[in-house]
Amino acid sequence: MCHFLHVNEMPSLFSKETNLRSFIRNGVLTTAMIGLAPVQSQEGDDSFHLALLSDTHIPADKSNEYRGFRPWENLNRIMPDVIAAKPQAALINGDAARLTGEVEDYRELKQLLNPLATECPIFIGMGNHDHRENFHKVMQPSKDNTAEIENKHVVVIEHPAVRIVQLDSLLYVDKVAGLLGKAQRTWLKTFLNQVDDRPVVFFCAPYSRR
């Protein structure tokens with residue numbers, strides 16, 4: 001059984017529908033690893049407790065605000081709740097950085113995530129407001145769980161209950177367009193033909209005009 005914890009202002013099992021603009025404005029936190037560690041489960045327990053965060057949009061400037069959306073404050077405010085929920089892993093499904101994925105954005109994000117990184121592995125996906133090279137400079141993700149695909153950052157999270165694949169749809173930074181590409185699709189076909197029949201959950205950053 002796979003438990004997905006979707007974090008808003010308070011941790012809760014997310015089930016109600018919401019539109020993307022509301023989703024972003026409320027600071028719901030959409031992949032890379034900080035403090036990579038194997039995802040563990042209790043012996044005999046086939047559940048997986050995952051904290052799902054999306055569109056953190058963390059800026060270098062802590063005071064940055066957009067239409068009442070204060071991303072740095074939002075993530076800082078809910079981090080204690082995420083940690084208290086004791087997830088086995090956390091996943092940010094894209095748009096980790098504010099607009100153009102600057103190096104300082106990722107440095108600020110890393111500082112905010114450090115307390116959680118001491119508790120569980122964190123996986124971060126690429127959205128259209130991320131910059132793949134700057135992201136790698138700061139986060140320096142481990143290659144242990146990443147697929148060898150040129151110019152793509154794809155992560156596979158292995159757990160006895162489920163296999164999670166974070167795909168990379170980043171095509172242009174700060175533009176409304178996304179693409180998996182032939183190389184990634186070819187890798188995915190080969191990968192799925194080689195692994196066991198454990199359930200697979202896919203994550204991929206969506207795109208919208210802001």
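The values are calculated or read from the model by the stated rules, or taken from the named source; none is laboratory data. What you are looking at is a predicted structure, and each value in this text was computed from that prediction instead of being measured. Backbone-built Cβ (ideal geometry, glycine too); neighbour counts: all protein chains shown.
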Open item on the list: Considering only region 95-103, I want to know if a residue exists there that is among the basic types (Lys, Arg) and under 25 Å from residue 64 (Cα atoms).
Closed with: yes
TODO: Could you list all residues from region 46-81 that are farther than 25 Å from residue 157 by Cβ and of a type in the set (D, E, K, R)?
DONE: 61, 62, 65, 67, 70, 73, 77
Task: Extreme residue, nearest to the chain's Cα centre (by Cα), among residues of region 63-115 that are closer than 21 Å to residue 135 by Cα and among the hydroxyl-bearing types (Ser, Thr, Tyr) - done: 106
Task: Single residue of 55, 95 found to be assigned to a loop (DSSP other than H, G, I, E, B), under 20 Å from residue 203 (Cα atoms), in contact with a helix residue (DSSP H, G or I) (Cβ under 7 Å, 6 or more places away or on another chain) and not basic (Lys, Arg) - done: 55
Open item on the list: more than 26 Å from residue 163 (Cβ to Cβ), basic (Lys, Arg) and at pLDDT below 95: is that true of residue 98 in this structure?
Closed with: yes
Task: Which listed residue is in a helix (DSSP H, G or I) and either closer than 17 Å to residue 164 by Cβ or in contact with a Leu (Cβ under 7 Å, 6 or more places away or on another chain) (or both), from 112, 116 - done: 112
Task: From the options 41, 15, 63, residue that is part of a loop (DSSP other than H, G, I, E, B) and modelled with pLDDT of 90 or more - done: 63
Task: Tally, over region 144-168, of residues that are in a loop (DSSP other than H, G, I, E, B) and under 22 Å from residue 179 (Cα atoms) - done: 11
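The rows are residues; the columns are (1) out of contact with any helix residue (DSSP H, G or I) (no Cβ under 6 Å at 6 or more places or on another chain); (2) farther than 21 Å from residue 48 by Cβ; (3) modelled with pLDDT of 95 or more.
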residue	(1), (2), (3)
67	yes, yes, no
72	yes, yes, yes
103	no, yes, yes
134	no, yes, yes
147	no, no, no
- [ ] Would you check which residues across region 132-156 are out of contact with any Leu (no Cβ under 8 Å at 6 or more places or on another chain) and surrounded by fewer than 19 Cβ atoms within 10 Å (Cβ to Cβ) and list them?
- [x] 133, 136, 137, 140, 143, 148, 149, 150, 151, 156
